[in-house]
Amino acid sequence: MAKIKICGLKRLEDIEIANKYKPDYVGFVFADSKRKVTHDLASEMKQNLDSSIKSVGVFVDEDIDEIIRLYEDGTIDIAQLHGLEDEDYIKRLKQKSNYQLEIINAIEMSDEKDLKEYDNSLADYLLLDSGKGSGKTFDWRLIRKDLNKEFFLAGGLNAENIAEAIEEFDPYAVDLSSSVETDGYKDELKIKKVMEAVND
């Protein structure tokens, strides 16, 4: 069964919802975004998060030492990279964490993207998306059936299409953000419907 990540939590109320419905991962966005959170707020949210849920820090070309600081103080368990971070950057991030920090490398999917180039990446997972928080699906036919990496599927997923996506592509995890929001805030009912759709 696919794991579930709810991204872009920015309030303690969001943590209460997560603790109630138990997604496998929650995402804290540290990159410039309407969902951006401070180190202090993320730390407070993590302290209130159920210990069974892993926290993912979302970054765009962040200073490696800042990511390591958030990892070492326990604010994040995993780093998700959404910028121009190359394999050398990933290697340095791995080395600085003594190869303990798991890394999700986000890939903006298009006809030109050849996923084979990531087969030997040091990243632990890929995240296949239509763009940074676009909320739109990409052409799912671009997903290779023989991917070497476990992947998170993101972009435009909601309670109506998520079961189909999981059945067809068997992703390691599905990643949702804007589709479980109302007026820019996480919506408990929408999260409940997604959790039910995945777990049925």
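Bear in mind that the values in this text are calculations on the coordinates, not laboratory data. These numbers were taken from a predicted model, which means no experiment stands behind them. Here Cβ is always computed from backbone atoms with ideal geometry, including for glycine, and neighbour counts include all displayed protein chains.
For the range 79-108, a residue qualifies if it is buried (at least 20 other Cβ atoms within 10 Å of the Cβ) and over 19 Å from Cys7 (Cα atoms), and the qualifying residues are Glu85, Leu93. Taken together, the residues in the range 34-69 that are on the phi > 0 side of the Ramachandran plot and touching a residue at least 60 places away in the same chain (Cβ under 8 Å) amount to 0.
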